[in-house]
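Below is one structure, written out as structure tokens; the observations come after it.
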Amino acid sequence: MTTASKPKRRVSFSDAVTHTAIITGRNNMRVLRIPSLILFSTVQPVMFLLLFNFVFGGAITTGTPAGSDQYINWLIPGILVQTAVFGATATALGLTEDLGAGVIDRFRSLPMARSAVLTGRTIADLVRNTFVYTLMLFVGFLMGWRFEQGVAKMLLGVALALLFGYSFSWVMATIGLAVKTPEAAQSAGFLPIFPLVFASSIFVPVESMPEWLQGFAANQPITVLADTVRSLMIPEEALVFLGLDQGTLIWKSLAWIVAITAVFAPLAVRQYKKAVG
Amino acid sequence: MSAVVATDIVKTFGEVTALDGVSLEFEEGIVYGLLGPNGAGKTTLIRVLATLLKPDSGSAIVAGTDVVADPVGARHKIGLAGQSAAVDEFLTGRENVEMVGRLYNLPKKEAKRQADDVLERINLTDSADRNVGTYSGGMRRRLDVAASMVGRPQVLFLDEPTTGIDPGSRIHLWDLIEDLVDGGTTVLLTTQYLDEADQLAARIGVIDHGRLIAEGTSDELKARLGGDVVEIHVEETDRASAAAVLTRVAGEDPTGERLALSIPAPDGSRTLTAVVRELDAASVEPKDIALRKPTLDDVFLTLTGHKADSEGEPESAASRGRGRR
């Protein structure tokens, strides 16, 4: 009879980083090779930008002072947040597909860091969103979008939107692992997203909404994020006019990002263990 | 050294007892065939041995490493190809294998070299740079097995490797498995196909309702039947009278499908002669009559009381506790 005597082996941190990078690359490779996914993740956000700007832009008044009243300047910060949140649904979809195809079983039989399956997913969203942002901001620039408070603040806004999207990837991981099939993940993922995105300040000022909706719209995280990113890009005099307090907004945004991640990352890990066990 | 030593493994999913105290031990360098119907517990046992599932109780040592106490250590020594071909459709065959190699912590160059080597061995070199989406089911299965080989595992677990693939690919996989074992790898495979276990496995374990109900070489299992079998094929109209004849000769009811009936033939050709004589007396003219060696089908029927391909509870419910797959 053989007995195991060797000490327990663990995956080192640097190996775990390598594994996460490999899984991240693999997850994004699928996007690059499946035309409908490229379309969904890159062309669609740009299309939203064009449609909302040219179709609704003329009708929507944002109440910003002259000189900053171009709708594109209202829209870009909001649509960055929307893109990050939509992008997070790829995590829900990808995880369910991997579960169904036995890919996660394969990963779990390898001497790799187990965390890499989930972090490789969420980070893949982050990487893809960063790429899409570059494209969107370029198109936005051609459409007349300008950032008025310097590069550093603009980049801070972009970074906050990306991090918010990252926290949402954990929400989507939880949902995907709970519903288990790609079809269900697709619809269940968007269920919380649509009301959050449209009942927010992404496209129109909250003040233009019916009163019963304003309470929700003004305080929900997506409005906080859209306002924060906006406050870092539009002219400073417009801030006062819109009643946006940049400092407070940044803290609120960070609080939402931390809170959502702190709640949903452990939930996602729990669902993962349930789904694979 | 033993490749696998499993002792009294129990695994339940809620109400369902998937493994009900399985003990199993076999040596290195062979194919061990785990035979059983759907829902018997084959997949659950593989998942426990491949560190995917923790057993409720019992212990399992694979290639000298305790899979419960040191799963990461065990994963360095094992390879797994599960029931569905776990390959990425949108990557090329080569990329799939390379990725698995890198997840075994092989340096990039070494992973490439290994991938080339493995692809060559499974005869996929020509298709290696095509997206797996264009592969046939058999090619995917072979690629999946290739991916499980890339870390040069000592023990390879193949869960129903030939289920649902064409006969050509099946033979190809059999060759590959024999090749691997010649190279010193130990293979534990599950199958519902009796001929597959017969063909490949040096030793066979028969599993049913979460228990190992018989074990041995193919010949040993067949010997349990007490030797040869007389099998007759009859017309529908003769079925009842033929069955009566067989019952009279054997002293027990014949087994088999509708128009093919068989009884044990402990006295060999003497039993055959007796059957022929009795059939003649009853004016039953069989379409075919033969004295043959028992197949694993006969073994299974004798051991479990049901045929190997009859549906038990679905494997998914038993092995995963929920309805996936």
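Kindly evaluate B:Ser136 against the criterion of being more than 27 Å from B:Ala18 (Cβ to Cβ) and under 26 Å from the mean Cα position of the chain (by Cα). Yes; evaluated as a whole, the condition is true for this residue.
Here is a check on your reading of the model: is A:Ala265 farther than 24 Å from A:Ala152 by Cβ and either surrounded by 19 or more Cβ atoms within 10 Å (Cβ to Cβ) or in contact with a strand residue (DSSP E or B) (Cβ under 8 Å, 6 or more places away or on another chain) (or both)? Yes, satisfied. If you go through the range B:183-195 and keep only what is hydroxyl-bearing (Ser, Thr, Tyr), surrounded by fewer than 24 Cβ atoms within 10 Å (Cβ to Cβ) and within 8 Å of the chain's Cα centre (by Cα), you end up with just B:Tyr193. State whether one or more residues within the range A:93-114 are among the charged types (D, E, K, R), closer than 30 Å to B:Gly151 by Cα and outside any helix (DSSP H, G or I). Yes, some residue in the range A:93-114 is among the charged types (D, E, K, R), closer than 30 Å to B:Gly151 by Cα and outside any helix (DSSP H, G or I). Looking across A:Met172, A:Met154, one residue alone is over 15 Å from the mean Cα position of the chain (by Cα), modelled with pLDDT of 90 or more and surrounded by 18 or more Cβ atoms within 10 Å (Cβ to Cβ). It is A:Met154.
Summed over the range A:3-18, the residues that are touching a helix residue (DSSP H, G or I) at 6+ places or on another chain (Cβ under 7 Å), surrounded by 15 or more Cβ atoms within 10 Å (Cβ to Cβ) and modelled with pLDDT under 90 give a count of 2. Within the range B:262-289, the set of residues being assigned to a strand (DSSP E or B) and touching a His at 6+ places or on another chain (Cβ under 6 Å) comprises B:Asp288 only. Are any residues in the range A:157-207 outside any helix (DSSP H, G or I) and either farther than 20 Å from A:Gln271 by Cα or out of contact with any helix residue (DSSP H, G or I) (no Cβ under 9 Å at 6 or more places or on another chain) (or both), and if so, which ones? Residues satisfying the conditions are A:Ala199, A:Ser200, A:Ser201, A:Ile202, A:Phe203, A:Val204, A:Pro205. Does B:Leu124 fit the bill of being within 21 Å of B:Leu173 (Cβ to Cβ) and of a type in the set (A, V, I, L, M, F, W, C)? It is true that B:Leu124 is within 21 Å of B:Leu173 (Cβ to Cβ) and of a type in the set (A, V, I, L, M, F, W, C). For the range A:80-90, the condition holds for no residue, the condition being that it is outside any loop (DSSP other than H, G, I, E, B) and within 18 Å of B:Ala50 (Cα to Cα).
Candidates are the residues of the range B:34-57 that are outside any loop (DSSP other than H, G, I, E, B) and more than 15 Å from the chain's Cα centre (by Cα); the one that is surrounded by the fewest Cβ atoms within 10 Å (Cβ to Cβ) is B:Ser57. Restricting the range B:94-131 to residues that are within 26 Å of the chain's Cα centre (by Cα) and either outside any helix (DSSP H, G or I) or touching a residue at least 40 places away in the same chain (Cβ under 8 Å) (or both), the residue that is farthest from the other protein chains (Cβ to nearest Cβ) is B:Asn123. Among the residues of the range B:152-201, the ones that are of a type in the set (Gly, Ala, Ser) and more than 20 Å from B:Pro37 (Cα to Cα) come to 4 in all.
When you scan the range B:28-50, do you find a residue that is hydroxyl-bearing (Ser, Thr, Tyr) and at the interface with chain A (Cβ under 9 Å from one of its Cβ atoms), even just one? So far as the range B:28-50 goes, no, none of its residues is hydroxyl-bearing (Ser, Thr, Tyr) and at the interface with chain A (Cβ under 9 Å from one of its Cβ atoms).
Condition test on A:Arg121, is it closer than 16 Å to B:Asp88 by Cβ and either within 15 Å of the chain's Cα centre (by Cα) or within 7 Å of another protein chain (Cβ to nearest Cβ) (or both)? Answer is yes for this residue. Starting from residues that are surrounded by fewer than 20 Cβ atoms within 10 Å (Cβ to Cβ) and assigned to a strand (DSSP E or B), keep the ones in the range B:58-91 and report whichever is nearest to the other protein chains (Cβ to nearest Cβ). Per the stated criteria, the residue is B:Ser59. Checked against (1) away from chain B (no Cβ under 14 Å); (2) closer than 30 Å to B:Thr65 by Cα, A:Leu51 meets all criteria but (2). Considering only residues in the range A:139-151 that are more than 13 Å from A:Leu50 (Cβ to Cβ) and without any contact (Cβ under 8 Å) to a residue 24 or more places away in the chain, the one that is surrounded by the most Cβ atoms within 10 Å (Cβ to Cβ) turns out to be A:Phe141.
The residues on offer are B:Ala146, B:Ala81, B:Ala86, and the sole one that is at pLDDT below 90, within 30 Å of B:Asp195 (Cα to Cα) and assigned by TED's automatic domain parsing to the domain that holds B:Thr43 is B:Ala86.
Sub-7 Å Cβ pairs linking a first residue in the range A:172-197 that is in contact (Cβ under 8 Å) with a residue 12 or more places away in the chain and among the basic types (Lys, Arg) to a second residue that is part of a loop (DSSP other than H, G, I, E, B) and surrounded by fewer than 18 Cβ atoms within 10 Å (Cβ to Cβ), at least 6 apart or interchain, are A:Lys180/B:Arg324, ordered by first then second residue. Scanning the range B:111-126 finds one or more residues that are crowded, with 17+ Cβ neighbours inside 10 Å and under 24 Å from A:Phe13 (Cα atoms). Loosely packed, with under 14 Cβ neighbours inside 10 Å and either within 16 Å of the chain's Cα centre (by Cα) or not in a helix (DSSP H, G or I) (or both): does that describe A:Ala259? Judged against the criteria, A:Ala259 is a match. Going by the structure shown, is B:Leu212 over 19 Å from B:Thr44 (Cβ atoms) and of a type in the set (A, V, I, L, M, F, W, C)? Taking the combined requirement at face value, the residue does not satisfy it. Checking the range B:49-66 against the condition returns a match, with at least one residue being touching a strand residue (DSSP E or B) at 6+ places or on another chain (Cβ under 6 Å) and closer than 26 Å to B:Val132 by Cβ. Scan the range B:179-187 and tell me whether some residue there is within 14 Å of another protein chain (Cβ to nearest Cβ), part of a strand (DSSP E or B) and farther than 22 Å from B:Thr92 by Cβ. Yes; the residues of the range B:179-187 include at least one that is within 14 Å of another protein chain (Cβ to nearest Cβ), part of a strand (DSSP E or B) and farther than 22 Å from B:Thr92 by Cβ. Could you tell me whether the range A:60-83 includes any residue that is loosely packed, with under 13 Cβ neighbours inside 10 Å, at pLDDT 85 or above and more than 9 Å from chain B (Cβ to nearest Cβ)? Taking every residue of the range A:60-83 in turn, none turns out to be loosely packed, with under 13 Cβ neighbours inside 10 Å, at pLDDT 85 or above and more than 9 Å from chain B (Cβ to nearest Cβ). Annotation: of all residues in the range A:19-39 being among the polar types (S, T, N, Q) and modelled with pLDDT of 95 or more, the one that is farthest from A:Arg114 (Cα to Cα) is A:Thr24.
The values are calculated or read from the model by the stated rules, or taken from the named source; none is laboratory data. Keep in mind the model is a prediction, meaning the values are calculated, not measured. Cβ sites come from the backbone with ideal geometry, for glycine too, and all protein chains shown count toward neighbours.
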